[in-house]
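Down below is the structure, laid out as structure tokens.
The values are calculated or read from the model by the stated rules, or taken from the named source; none is laboratory data. Being a predicted model, the structure only gives us computed values, none of them experimental. Please note: Cβ atoms are built from the backbone with ideal geometry, for glycine as well, and neighbour counts cover all protein chains shown. Just the protein is used for accessible areas: all its heavy atoms, side chains included, with ligands, DNA and RNA removed. Shrake-Rupley method; radii C 1.70, N 1.55, O 1.52, S 1.80 Å.
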Amino acid sequence: MSEVIQNRYEFVLLFDVENGNPNGDPDMGNMPRVDPQTGHGIVTDVCLKRKIRDYVEMVKDGEQGYEIYVKSGVVLNDQNKKAYDHLGIEPSKNKPKDDELTKFMCRNFFDIRTFGAVMTTEVNCGQVRGPVQVNFARSMDPIFQQEVTVTRCAVTNEKDAEKGQTMGKKQIVPYALYRAEGYISANLAQKTTGFTEEDLNLLWDSLINMFEHDHSASRGKMSARKLIVFKHRSALGCCQSHILFDKINVERLSGDLPPRSFGDYKVTISRDMPDGVEMIEKL
């Protein structure tokens, strides 16, 4: 693998959804998640990390060092046991006496190396805080949650055969532009997980392309629109992150009409960067 990252980063990702549900809320009948006080849409960090994991698993399938720790159908105790088997010791629920088990997990699992993990289960491999953290994404404007009734010409069982068709529901947002902000700590990468420059480039690729390989009828049309990266000259950074996030302004152009496309917004990026910070437009 390449060397561990030496610079701190922040990033802003703008993505949109058209006639789809970017992140359903199981507590609300799978309706699109929303801030009840403002009406703005929400996409959780867990949802975004899932898409990143799925993309990495697809492009790095079977490659050493790029296994995915958290994925569907996997028993985490079995994942942790791989470290014990590698070191030739018996699994234990006690806190590891040294960090060799944790180091093994970081070397072999991309998502642990990136996001960290709590591995203090019945098979204990310790825990690490990852260098990459992502905030909840929030829509630029209040969203309209819509439930659409659909019909199915087939029926499920014989007792419904006389009906000829059955009804169903789809939960969608007609259109929304979301903004997610993230942080990458070189300090944590160097001291804990060993997140590398190669990992960083893979993360940028996943943020740009993760929606391209995650299409489904329920998600509608989802697209990454902008990825702006702020690179600090040092590992600890040269200014506060909120100063950099404020350099990106998104303005709605549709007036009183609800936005229905990315063209209904104008993205303005201030080029006046603090000393020691470089802005990079990845998308």
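Rounded, prolate or oblate: which fits segment 61-106 when a ≥ b ≥ c are the square roots of the eigenvalues of the alpha-carbon gyration tensor, with rounded for a/c under 1.5 and prolate only if a/b beats b/c? Please list the in-between numbers first.
On the way: a/c = 2.13, a/b = 1.51, b/c = 1.41.
Prolate.
Taking 0.36 nm per intervening residue step and subtracting the Cα-Cα distance, what contour gain separates Asp246 from Phe144 on full extension? Intermediate results must be reported in sequence, preceding the final value.
On the way: separation 102, 0.36 × 102 = 36.72 nm, distance 2.64 nm.
34.1 nm is the gain from fully extending Asp246 to Phe144.
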Take the Cα of Ser254, step 7 Å along the line toward its Cβ, and report every residue of segment 208-238 whose backbone nitrogen sits under 19 Å from that point. 219-226
If you put +1 on each Lys and Arg Cβ and -1 on each Asp and Glu Cβ, how big is the dipole of the chain around its Cα centre, in Debye rounded to 20? 240
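Pairs Lys60/Lys282; Lys82/Lys191; Lys51/Lys170; Lys191/Lys282; Lys49/Lys97: which exceed 25 Å Cα-Cα?
On the way: Lys60/Lys282 21 Å; Lys82/Lys191 23 Å; Lys51/Lys170 21 Å; Lys191/Lys282 27 Å; Lys49/Lys97 30 Å.
Check vs 25 Å cut-off fails for Lys191/Lys282; Lys49/Lys97.
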Work out from phi, with θ = phi - 60° and the Karplus expression 6.51 cos²θ - 1.76 cosθ + 1.60, the ³J(HN,Hα) of each residue of segment 265-270, listed in order in whole Hz, and give x for Gly and Pro. 10, 10, 9, 10, 10, 6
With the chain treated as a Gaussian network of Cα nodes joined by springs under 10 Å, which of Leu257, Leu202, Leu76 yields the largest mean-square fluctuation? Leu257
What whole-number distance in Å separates the alpha-carbon centres of segment 182-222 and segment 128-155? 19
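Keeping all protein chains in place and using 1.4 angstrom, which order do Glu10, Glu90 fall into by accessible surface area, from largest down? Don't jump to the answer; show the numbers that get you there.
On the way: Glu10 5, Glu90 150 Å².
Output order, biggest surface exposure first: Glu90, Glu10.
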Heavy-atom accessible area per residue, the chain, 1.4 Å probe: how many Å²? 52
Paramagnetic reach from Val59 (point 7 Å along Cα→Cβ, amide N under 20 Å) across segment 167-185: 180-185
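At a threshold of 8 angstrom on Cα-Cα distance, excluding pairs fewer than six apart, so keeping six or more, what relative contact order does the chain reach in percent?
On the way: 569 pairs, mean separation 85.5, N = 283.
Answer for the chain is 30 percent.
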Shape of segment 49-156 from its Cα gyration tensor (a ≥ b ≥ c, root eigenvalues): rounded if a/c is under 1.5, otherwise prolate when a/b > b/c, or oblate? prolate
Placing each pseudo-label 7 Å from Cα in the direction of the beta carbon, Lys93 and Glu158 end up separated by a distance in nanometres of 5.0
Estimated 222 nm signal from helices in the chain, with DSSP H stretches of n ≥ 4 weighted -39500 (n - 2.57), rounded to 500: -6000 deg cm²/dmol
Run the quick spin-label model on Arg271 and Gln6: label points 7 Å from Cα toward the beta carbon, then report their separation in nm to one decimal. 2.8
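Could you work out how much longer the chain between Lys221 and Asp27 gets when fully extended? Use 0.36 nm per residue separation minus the Cα distance between them, nm to one decimal. Spell out each step's value before the answer.
Details: separation 194, 0.36 × 194 = 69.84 nm, distance 2.39 nm.
Net length gain for the segment: 67.5 nm.
Arrange the peptides 152-162, 18-28, 113-123 so that the one whose residues have, on average, the most other Cβ atoms within 10 Å appears first.
Values: 152-162: 9.1, 18-28: 16.9, 113-123: 19.6.
Sorting 152-162, 18-28, 113-123 by mean packing, highest first, produces 113-123, 18-28, 152-162.
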A student applying the Cα gyration tensor rule (rounded when a/c is under 1.5; otherwise prolate if a/b is larger than b/c, oblate if not) would label the chain oblate
Can you pull the one-decimal nm distance between simple spin-label points at Arg129 and Glu212, each 7 Å off the Cα toward Cβ? 3.5
